[in-house]
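Let me begin by presenting the structure, written as structure tokens, before commenting on it.
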Amino acid sequence: MRIHTHFLFFAFLFVGTHLSTFSQQANKELKVMTYNIWNGFDWGKDTTRNERLIQWVKEQNPDVLALQELCNYDVDKLKKDAAQWGHHYVQILKEKGYPTALTSKEPIILIEKNVDNFWHGLLHVQTYGIDFFVVHLSPSDADFRLREAQQIKSRIQELSTDAYIILGDFNAHSPLDAYWMESKTALKTKMANEKNEQYSNLRLGEFDYAPMSEFLSIPAIDVSLGKVDREASFTFPSPALIGLYGQTGESIIQNRVRIDYILASPSLAKTCSQVKIFNHGAPETLSDHFPVMAVFQISSETN
């Protein structure tokens, strides 16, 4: 009887060890980043900043990278840059105005490129078995942003998959940040003074949380929750803007907000182990926005 007991003990130990090893092998880390690169490096003229940003992205080694403001880019230029940070697959929304794009270490399936009824456009692709929606919502009008959010929401709710990520420059404030946003009276005054007859970034004179509320209700989870200090999670503006458009070091600090996000389906959000907002160091001079990166644990069978 004692022999059988020892045999069963070691059998369970053997199986348990191998199941644990298999579990570790069956999942892999997926690093997803979003970055607004600020007017395509001055429409291609600022080659120094371009080269420095490429090197910085290479050092972070994301598996998937969403980009906004690829001004003066075409697909060939994007391929050339992406290859330098290790991505051989790219999709760009358009080649005029303010394009968005996604680059990846794995093949990309194009689902939709849409510039109708969107300020800059919507790019929907699949890679690593995940639906990615790359967004760059209106920078000028709360009502237009809300309509964009509603359109994207309806598309996501029609998906047959529960693996989706929405990321990019939303130009919108999250209701989850309201408790510290509402103290920014100088920013609210500045935005009120920028209002014209056609557009306003405020809603009835107040900060606008409606577009982000639409995304959160899909449901889509803000993966930074519980992983970053809320009041230190600003993504715009950066010190690169000092001396431009009347910006000073003091106004940069006063006007800090979070408008760049990575949102994920509930099932994916559960696997998010880490979120970084790179708002110190080298990125302070690489763009007017700061990049955001999230790390997910995904099944190796999905790619």
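Return the pair list, or none, for Cβ contacts closer than 7 Å from residues in the range 86-108 that are closer than 21 Å to W38 by Cα to residues that are of a type in the set (S, T, Y) and assigned to a loop (DSSP other than H, G, I, E, B), at least 6 apart or on different chains. Filtered contacts from the range 86-108: I92/Y73; E95/Y73; P99/Y73. If the condition is being modelled with pLDDT of 95 or more, touching a strand residue (DSSP E or B) at 6+ places or on another chain (Cβ under 8 Å) and part of a loop (DSSP other than H, G, I, E, B), then the range 160-183 contributes A163, F170, N171, H173, S174.
Name the residues in the range 120-152 that are in a strand (DSSP E or B) and either among the aliphatic types (A, V, I, L, M) or more than 16 Å from the chain's Cα centre (by Cα) (or both), would you? Hits for the range 120-152 are L122, L123, V125, I130, V134, V135.
Within the range 113-135, count every residue that is at pLDDT 95 or above and at positive phi. So the answer is 3.
The values are calculated or read from the model by the stated rules, or taken from the named source; none is laboratory data. Remember, it's a predicted structure, so these values are computed and weren't measured experimentally. Note that each Cβ is placed from the backbone with ideal geometry, even for glycine, and that neighbours are counted across all protein chains shown.
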